[in-house]
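No lab work stands behind these numbers, since they all come straight from the coordinates. Note that the structure is predicted; figures quoted are calculated from it, not measured. Cβ placement follows ideal geometry from the backbone for every residue including glycine, while neighbour counts extend to all protein chains displayed.
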Amino acid sequence: MPKKPWQPSITFETLGDFVTEFNHETDRAAAILAASYLDHELEVLLRAYMSANDELLYELFKNDAPLGSFSAKIRTAYALGLIPESDYIDLNIIRGICNNFAHKLHGLSFETDSIRDRCRNLRIPAKLMETGYMAATPSRARDYFVTSFGFLAFTLQLRRVEALGKRPAPAEEYYDQVPPFNESDNDDQPGSK
């Protein structure tokens, strides 16, 4: 059980330091850091939506718990309507790229064919070009990845604010709403005598 209430580890104050460090990382470290950051942002989003107490949330988000994995957080956020299908797809692509970098000990970069192809399947750069927010298609696979990561990180923070407005009220106990049973009420029913 946590000793103090859970707090996000990345704040607007620390985000600049993260981005500076991120931009100087190897491809492997950048992929793993990006996935870790997005995993964190999904947890913050889900926690913002959930009305459970800190102790229960701690139990749900532990590493071996139902919402402990990046994959489970992505699926849950999508199932609850907190992220759109396009973000669901891109988050899963980023998760897969991270897993490749994390589990293959050497010989991978963003320009490795399988990684490059997945980066080019990320939907965000094309959407940004369609809407005029990006002038040209990224030339390097890492640029596709970084653009998608940055956009997802930003939108997940915005979605957290939206989630607070969507948060359902805690369920009320039904027995608090049902009048007490009175045996005399049953006397008027057919077949009661």
* Structure fact -> The Cα radius of gyration of the range 10-139, divided by 2.2 N^0.38 Å with N its residue count, comes to 1.15
* Structure fact -> Gyration tensor on Cα atoms of the range 58-98, a ≥ b ≥ c root eigenvalues, a/c under 1.5 rounded, else prolate if a/b beats b/c, else oblate, says oblate
* FRET efficiency, E25 to E55 (Cβ-Cβ, R0 35 Å, nearest 0.05) -> 0.50
* Fraction of the pair-distance distribution of the range 68-129 above 15 Å, Cα-Cα pairs, percent -> 55 percent
